[in-house]
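Novice: One structure is given below, represented as C-alpha cells, and several questions about it will come after.
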Amino acid sequence: MSIFALSDLHLSFTADKPMNIYGQSWQDHEEQILANWTELVGPEDTVLIPGDISWGLKPEEAVEDLAWVAKLPGQKVLMKGNHDLWWTAIGKLNQMYPDMFFLQNTFYKADGWHICGSRGWICPEDPDFTQHDDKIYRRELLRLRMSLDAAVKDGAERIIGMLHFPPTCGGAESSGFTEIFTEYGVEHVIYGHLHGTEAQMKCLRGMHKGVNYRLVACDYVGCRPVKIV
C-alpha cells in the first residue's frame, strides 16, 4: 500500500472553466489525470488532494466533479483550496462517498501514518500581506495545530502534513506553518496552489529542519500522482 498526492485538479465538468487557456500543460488535463492515476494507484492505496478540486461555485455545481474523483482507484483524502467555494458543512461532505474523506480540523489514518493539515494562507513575507490576511493566517495556524493535536492524542507516530497554500512566501525558508510542522515532528508536507514556472521555482522544496516539502500541483508534476511513502 502506498500514499500518493496530487493537488489542484481544477475540474469543471459542470462549470464553464476550461483550463487549457492557462497553457499546454493543462490541455486535456482530466484525461491525463485519469490515465496516470489508473496506471499508478491501486484500490488499497491512498491519494491526498490538498485543494482546488472543483471550479464549482455551489455544491450542486461540484457534484459531477466529485463523483468523477470518487470513481478513481484508492481512498481519497481531500482538503479545501482557495477556489473550492462549493465546500460545505464537513459532516455533510463526509457522508457523500465511502472512499472520500474531507479533512478539516482533524486527521486521517492511512498505512500507519496520520494525515493532518489546514488550507493555509499567504504568509507575512508576502509583499501584499494585509491586516485582513493576518487574521486568516493566524486562524489557519490554529486549525493546523488543532489537526495535529488530534493526531497526537490518537497516538500518532508518523505524520504527513497537507496545506493548499505553500508553507512560505516571498522566498522565505520559515513561517508559522514550517515552525509548527517541525515542532510536531512531521516527516512530509505536501502542498499545491502555485502555477507557472516562476512561482514554482521559488517555493520551498526538499528538506528543511527535518521536514521534506513537496509541491504536488497538477501542472508541476505532469498531472501524475506523486508517491510520498
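Novice: Please work out whether segment 98-229 counts as rounded, prolate or oblate from its C-alpha gyration tensor, where a ≥ b ≥ c are the square roots of the eigenvalues and a/c under 1.5 means rounded, while otherwise a/b larger than b/c means prolate and anything else oblate?
Specialist: oblate
Novice: Calculated from DSSP H runs of 4 or more alone, at -39500 (n - 2.57) each and per residue, what is the 222 nm mean residue ellipticity of the chain, nearest 500?
Specialist: Result for the chain, helices only: -8500 deg cm²/dmol.
Novice: If you roll a 1.4 Å probe over the heavy atoms of the protein chains, what accessible area per residue do you get for the chain, in Å²?
Specialist: 45 Å²
Novice: Below 24 Å Cα-Cα, how many Lys pairs turn up in the chain? Only count pairs eight or more apart in sequence, or on different chains, if you could.
Specialist: So the count of such lysine pairs works out to 28.
Novice: Quick one: what are the phi-derived ³J(HN,Hα) couplings along segment 33-46, Karplus 6.51/-1.76/1.60 with θ = phi - 60°, whole Hz, x for glycine and proline?
Specialist: The phi angles translate into 4, 4, 5, 5, 4, 5, 6, 9, 9, x, x, 8, 8, 10 Hz.
Novice: Now, a different point. Rounded, prolate or oblate: which fits segment 1-111, taking a ≥ b ≥ c as square roots of the Cα gyration tensor eigenvalues, rounded meaning a/c under 1.5, else prolate when a/b beats b/c?
Specialist: It comes out oblate by the Cα gyration axes.
Novice: In units of 2.2 N^0.38 Å, what is the alpha-carbon radius of gyration of segment 39-97?
Specialist: After normalising by residue count via 2.2 N^0.38 Å, the value is 1.11.
Novice: With the contact rule set at Cα under 8 Å and sequence spacing of 6 or more, what percent relative contact order holds for segment 84-229?
Specialist: Computed value for segment 84-229: 19 percent relative contact order.
Novice: Continuing with this model, one more query. Calculate how many DSSP beta bridges within segment 111-229 are antiparallel, expressed in % of all such bridges and rounded to the nearest 5.
Specialist: Of all bridge pairs located within segment 111-229, approximately 20 percent are antiparallel.
Novice: Could you give the length gained on full extension between residue 150 and residue 70, defined as 0.36 nm per residue of separation minus the Cα-Cα distance, in nm?
Specialist: Answer, rounded to one decimal: 26.2 nm.
Novice: HN-Hα J couplings of segment 217-229 from phi, Karplus 6.51/-1.76/1.60, θ = phi - 60°, integer Hz, Gly and Pro as x?
Specialist: 4, 3, 6, 6, 9, x, 6, 10, x, 9, 6, 8, 9
Novice: Roughly how big is the chain's charge dipole about its Cα centre, with Cβ charges of +1 (Lys, Arg) and -1 (Asp, Glu), in debye to the nearest 20?
Specialist: 540 debye
Novice: Then there is this: Packing-wise, with mean Cβ within 10 Å as the measure, how do 61-67, 113-119 rank, highest first?
Specialist: 113-119, 61-67
Novice: Okay, moving on. Which of the peptides 203-214, 188-199 is most tightly packed, and how do the rest follow, going by the mean number of other Cβ atoms within 10 Å of each residue?
Specialist: Ranked from most to least packed, the peptides come out as 188-199, 203-214.
Novice: If you place +1 on the Cβ of every Lys and Arg and -1 on the Cβ of every Asp and Glu, how big does the dipole about the Cα centre of segment 1-60 come out, in debye to the nearest 20?
Specialist: Dipole of segment 1-60, to the nearest 20 debye: 200 debye.
Novice: List the residues, sorted by chain then number, that are 5 or more residues from residue 213 or on another chain and whose placed amide H is less than 5 Å from its amide H.
Specialist: HN-HN under 5 Å from residue 213: 189, 206, 207, 208.
Novice: I'm a student and want to see the number: the projected area of the Cα convex hull of segment 84-166, averaged over all directions, in nm².
Specialist: For segment 84-166, the mean projected area of the Cα convex hull comes to 6.5 nm².
Novice: Tell me, which cysteines of the chain are without a disulfide-compatible partner by the Cβ under 4.7 Å rule?
Specialist: 116, 203, 218, 223
Novice: For residue 94 and residue 187, FRET efficiency with R0 = 22 Å and r from the beta-carbon atoms, rounded to 0.05?
Specialist: Once the sixth-power term is evaluated, E becomes 0.30.
Novice: What's the ranking of 129-137, 97-105 by average number of surrounding C-beta atoms within 10 Å, highest first?
Specialist: 97-105, 129-137
Novice: Sticking with this one: Across segment 65-74, in residue order, what do the Karplus-derived ³J(HN,Hα) couplings come to in whole Hz, using 6.51 cos²θ - 1.76 cosθ + 1.60 with θ = phi - 60° and x for Gly and Pro?
Specialist: 5, 5, 5, 5, 5, 4, 6, 6, x, x
Novice: Sticking with this structure for a sec: Regarding the chain, what's the average projected area of the Cα-atom convex hull, expressed in nm²?
Specialist: Its Cα hull, projected and averaged over all orientations, spans 11.6 nm².
The values are calculated or read from the model by the stated rules, or taken from the named source; none is laboratory data. Everything quoted here is computed from the prediction, not taken from an experiment. Cβ sites come from the backbone with ideal geometry, for glycine too, and all protein chains shown count toward neighbours. Accessible surface is based on the protein model in full, side chains and every heavy atom, while ligands, DNA and RNA are left aside. Shrake-Rupley method; radii C 1.70, N 1.55, O 1.52, S 1.80 Å.
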